[in-house]
Amino acid sequence: MITKSSTSITDVPGIEVGQAQNDSALTGCTVILCRKGAVAGVDVRGSAPGTRETDLLDPINLVEKVHAIMLAGGSAFGLDAASGVMKYLDEKKIGFNTGVARVPIVPAAILFDLGIGRADIHPDSEMGYQACLAASKAAPAEGNVGAGTGASVGKLFGAALSMKSGIGSVSLNIGGGIIIGAIVAVNAFGDVIEDGKIIAGLRSGKIGPLKIGGKDYFADTLAMMKSPVGRNVMRFATRANTVIGVVATNAALTKVQATKVAQMTHDGLARAIRPAHTMLDGDTIFALSTGNKKCDVTTVGTFAAEAMSQAIERAVKMSTSAGGLPGLNK
């Protein structure tokens, strides 16, 4: 079952979300639309990223605002989904005014889901376009949907003992009319943590003759990384991981401040996923500012991190079993 949160990133004025997926192939994409433009920043902490148009978000570069962010599965193939968003926005005459044409600014990030479902079907331009057609202010569906359709967590030993994950979204009203929202597709190498305890991740079991973990349901990725078998398998561990997400606020931010908020938001990622930002992950977070409310940037970043942690927890809690992997939302 796919569940909708009572709060989501669409509570932030100016933000819409649309999703499309191929349920049989277990892959999909999620578009975050900001039709009037949003000041944007990005921070990439993982060492195996797949991105598009992130260089222009550097505060020293010209373009100040983006018109959409695309999150997609499909590994590098999935970056093509952003072309469908470009087509949609071009039809709506939304984009950066160059004098001769309006060029939509659509940064994107992808996750690797080729190991679950079908590896020969990926999010493409048409799927990105369909996601835009589905975009609305309604709370987006969570779990096995959009960019989270083929997501999984706890992959020290590959897919064999991992768990199904997905996409999650929340919003926080921090007072003074300031709203901060987050949406994230969780495809992490590590385990997801809530209140210091693992709620999704590497499971105990057997892989051939190897016994992984103990009597507890979760083997604990950190504990296994210290073990002889874990140390050996790290040489061959899958690079098929990444957490990709967006935080948005109606607080007024400059491009430099949005970049700082994106950086601070990674603290929330690191609190909810253990380990995070590894050589095997491509963790990427975008930050968007759609409004003109006054708020200290440190406050925005602090609660953006909290929103990200909660969205990550929802991503696994709302995910159902699929592709042979167990999910928490049975």
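The values are calculated or read from the model by the stated rules, or taken from the named source; none is laboratory data. Just so it is clear, the structure is predicted and the values come from calculations on it, not from any experiment. Methodologically, a virtual Cβ is constructed for each residue, glycine included, from the backbone with ideal geometry; neighbour enumeration extends over all protein chains shown. Calculation scope for accessible area: heavy atoms of the full protein, side chains included, ligands and nucleic acids excluded. Shrake-Rupley method; radii C 1.70, N 1.55, O 1.52, S 1.80 Å.
Quick rundown of the values:
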quantity: Matching residues in the range 18-36 - criterion: being open to solvent by less than 10 Å² (accessible area, probe 1.4 Å) and over 13 Å from the mean Cα position of the chain (by Cα); calculated: Gly18, Ala25, Thr27, Leu33, Cys34
quantity: Count of the range 180-217 residues which are in a strand (DSSP E or B) and within 19 Å of the chain's Cα centre (by Cα); calculated: 14
quantity: The range 90-111, residues that are out of contact with any Asp or Glu (no Cβ under 9 Å at 6 or more places or on another chain), buried (at least 24 other Cβ atoms within 10 Å of the Cβ) and either in a loop (DSSP other than H, G, I, E, B) or free of Cβ contacts under 8 Å to residues at least 24 places away in the same chain (or both); calculated: Leu111
quantity: Evaluation of Leu161 against (1) at pLDDT below 95; (2) open to solvent by 20 Å² or more (accessible area, probe 1.4 Å) (one fails), failing number; calculated: (2)
quantity: Any hit, the range 60-73, residues being in contact with a strand residue (DSSP E or B) (Cβ under 7 Å, 6 or more places away or on another chain), in a helix (DSSP H, G or I), touching a residue at least 24 places away in the same chain (Cβ under 8 Å) and closer than 25 Å to Ala240 by Cα; calculated: no
quantity: Residue check for Arg239: within 29 Å of Gln310 (Cβ to Cβ) and modelled with pLDDT of 90 or more; calculated: no
quantity: Scope the range 244-279; condition among the β-branched types (Val, Ile, Thr) and at pLDDT below 95; matching residues; calculated: Thr278
quantity: Tabulated pairs, the range 260-281, first closer than 15 Å to Ser165 by Cβ, second part of a helix (DSSP H, G or I) and modelled with pLDDT of 95 or more, C-beta under 7 angstrom, 6+ apart or interchain; calculated: Leu269/Met308; Leu269/Ile312; Ala272/Ser309; Ala272/Ile312; Ala272/Glu313; Ile273/Ile312; Ala276/Leu269; Ala276/Ala270
quantity: Some residue of the range 43-50 being open to solvent by less than 60 Å² (accessible area, probe 1.4 Å), farther than 28 Å from Ile116 by Cα and in contact with a strand residue (DSSP E or B) (Cβ under 6 Å, 6 or more places away or on another chain); calculated: no
